[in-house]
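Take a look at the structure set out below.
Taken together, the values in this text are just the output of simple stated rules run on the coordinates, not laboratory data. Treat the numbers as computed from the prediction; the structure is a model and nothing was measured. Don't worry about glycine lacking a Cβ; one is built from the backbone with ideal geometry, like all the others, and counts go over all protein chains shown.
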Amino acid sequence: MDNVNEKRPHSTVTEDDLRELLAAGPDSCLVLLEGRVEVAEVAGDGLTIATRDEVAGRTGAKPDRTRLSELAAELSSEIRLQGA
């Protein structure tokens, strides 16, 4: 049986991705790598979707679930518009 808390590969940005990014180090970023959204410690491989600082600037210091959901949808839309 699969572990419910196990992170599954996905190609859209989720609230959990944004929470993970905000909890990560200052140079962290959200990237699309091989069709999967991931938090990376530094920009490098893959398409950078947003940096930790960018997300913090758009959500505020203590973002609520609604703001995280809205931003996740916006970033997922940006991925689709880029054809990734």
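Counted residue by residue at 0.36 nm each, then reduced by the alpha carbon distance between them, the extension gain from A24 to T48 reaches 7.1 nm. Placing dummy labels 7 Å off each Cα toward the beta-carbon, the span from R67 to E41 is 2.9 nm. Plainly put, the chain has a radius of gyration that is 0.95 times its Kirkwood radius, both from alpha-carbon atoms, as the Rg/Rh ratio.
Report the charge-dipole magnitude of segment 15-81 in Debye, nearest 20, computed about the Cα centre from +1 at each Lys and Arg Cβ and -1 at each Asp and Glu Cβ.
On the way: 8 positive and 15 negative charges, 51 e Å.
For this selection, approximately 240 debye.
In a DSSP loop and with at most 12 other Cβ atoms within 10 Å, the GluC sites (Glu not before Pro) in segment 21-78 are E34, E41. Put simply, when 56-62, 45-51, 17-23 are sorted by average Cβ atoms within 10 angstrom per residue, most first, you get 17-23, 45-51, 56-62. Counting only whole DSSP H helices of the chain, the ones at least 18 Å long by C-alpha along their axis and with mean Kyte-Doolittle hydropathy no lower than -1.0 are 65-81.
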